[in-house]
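Laboratory data are not the source of any read-out in this text; all were calculated from the coordinates shown. Only a predicted model underlies this, so the values are computations on that prediction, with no experimental measurement involved. Heads up, the Cβs are rebuilt from the backbone with ideal geometry, glycines too, and the neighbour counts pull from every protein chain shown.
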Amino acid sequence: MMIQRLRLFDVTLPLVHGFETSSHRKTGLNHLLVELTDADGRVGWGEIATPADPYYGSETTRVAWDIAERYLVPAVLGAPWEEPAELEATWRRIRGHEFAKAGFSAAAWDLHARAAGVPLAVALGGTRSEVVAGVSLGIEPTIDELLAQVSRQVDAGYGRVKLKIAPGWDVEPVRAVREAHPGLDLHVDANGAYQDTDETTAVMRALDGLGLTMIEQPYAPRDFVAHARLQAGIGTPVCLDESVVDVADLRTMLALDAGRVLNIKVSRMGGLGSARLAHDIARDAGVPVWCGGMHEFGVGRAANVALSSLPNFTLPSDVSGSDKYYARDVIVPPVVAHDGLVQVPTAPGIGHDVDVDWVLQNAVRTLDTAAVAA
Ligand code: OSB
Ligand code: MG
């Protein structure tokens, strides 16, 4: 197989409901979509789901475009490959830029699965026909507004809710949600906003008493030692997200017991190949995983659904239905959750068609190697 043509689309869609984390608030998402076309005219789609701003990780949409245009496009065009791992190997010498690589990786996997006539989930080795979906809820202006959001999602059928926390917005709102929903599978995510101080220890101890499934990324990404110290002192599993961008980080997490649950994101891990490898290593170490999200459009979320069908994804994933995020998604049909479950598609590849008209209507910038060559 060989990539003959490549298109990149710089697309912005408004969110149905604004989302605030410990670092910032956003009302829309600006991601890049990658379309690979092989010599037989078959296509594969992937999404570069980097946040526009460097607050989650160091990548940004503009930098991802630059990396894609200057390094990834030349790496993949004309390179012979059979397995996606061979195409992923063409950009191995590029350091960092996991989100940019992940979009190309996912497109290669989609194309590979479509060419083989199998669903992406099957190509990856997935075993589930449906995956348990959770919702991630942002910081709200008041506890009452948070409670309304939680009730809305519980009423929509979701059985697992994750709450964003930050210093000053933690024990009180989380306790209020716990009191309103005693049996709910509830967890919190700080996106690294806490410092390892006595004051934080008191907050973590209080959260430890609220029956949470996990406490996600309380400390800065590189601070494995602080996470290990916390994990030694509380019963609630610590979950790492931003800390783990490759399997070396995962090995550090396991060696230090810096967390007992892993959030695997296709984007953060640099693609489906490394996400699957992290899944395998965690499985062998007895660490359960779940699939995190980056408010992906449907292209990226469909890949997340496929990944979540692997056996060690035993905890609910952040793969809510399209309607939680976007009034009109870029795929048809959209991702749908019923009673908190998303069916794993049985059609080839990601199992959804891309609504190219909608992509073009919302694209502010497009790169087409066929146009460049003409
Ligand atoms: O930390 O998991 C996170 C969204 C953007 C950046 C970071 C995170 C998130 C989410 C939303 O929690 C997950 C989703 O529903 O896609
Ligand atoms: Mg997180």
Residue order, fewest to most surrounding Cβ atoms within 10 angstrom, among ASP38, ASP53: ASP53, ASP38
Centroid-to-centroid separation of the stretch 180-205 and the stretch 216-291 [C-alpha atoms, Å]: 17
Equivalent ellipsoid semi-axes - Cα gyration tensor, the stretch 210-332, angstrom: 26, 16, 13
Zero-based 10 Å bins, Cα pair distances in the stretch 234-292, whole percents: 26, 63, 11, 1
Overall dimensions of the stretch 84-134 as given by Cα atoms, namely Rg and Dmax in Å: 13.1, 36
Cβ-defined net charge surrounding LEU147, 14 Å radius [Lys, Arg +1; Asp, Glu -1]: -3
Share antiparallel - DSSP beta bridges, the chain, percent rounded to 5: 60
Ellipsoid semi-axes in whole angstrom, largest first, where each is sqrt(5λ) of the Cα gyration tensor of the stretch 123-343: 26, 23, 14
Taking the stretch 123-343 and dividing mean pair separation by its residue count, relative contact order in percent (alpha carbons under 8 Å, at least six apart): 23
Net charge over other residues, Cβ less than 15 angstrom from the Cβ of CYS239 (K, R count +1; D, E count -1): -4
Helix-only [θ]222 nm of the chain, DSSP H runs n ≥ 4, -39500 (n - 2.57) each, per residue, nearest 500: -10000 deg cm²/dmol
Loop trypsin sites (Lys or Arg not before Pro), the stretch 81-140, which have at most 14 other Cβ atoms in a 10 Å radius of their Cβ (DSSP): ARG92, ARG93, ARG95
Choice from ALA226, ALA248, ALA337 showing the highest fluctuation, given a GNM over the chain with Cα pairs closer than 10 Å: ALA248
Loop sites in the stretch 278-374: trypsin sites (Lys or Arg not before Pro), DSSP, at most 16 other Cβ within 10 Å: ARG328
Three semi-axes of the equivalent ellipsoid, the chain, Cα gyration tensor, whole Å, largest first: 34, 22, 19
Amide H partners (placed H, <5 Å) of LEU15, local residues excluded: GLY28, LEU29
Spatially proximal lysines relative to LYS324 (Cα-Cα < 20 Å; intrachain offsets below 8 disregarded): LYS26, LYS162, LYS164, LYS265
Among THR197, THR61, THR50, residue whose mean-square fluctuation peaks in a GNM of the chain (springs only between Cα atoms under 10 Å): THR197
Mean separation of Cα contacts under 8 Å, 6 or more apart, over the residue count of the chain: relative contact order %: 22
Sum of side-chain charges, ASN304 neighbourhood, beta-carbon under 12 Å (Lys, Arg +1; Asp, Glu -1): 0
Share, in percent, of DSSP beta bridges within the stretch 123-343 that are antiparallel, nearest 5: 25
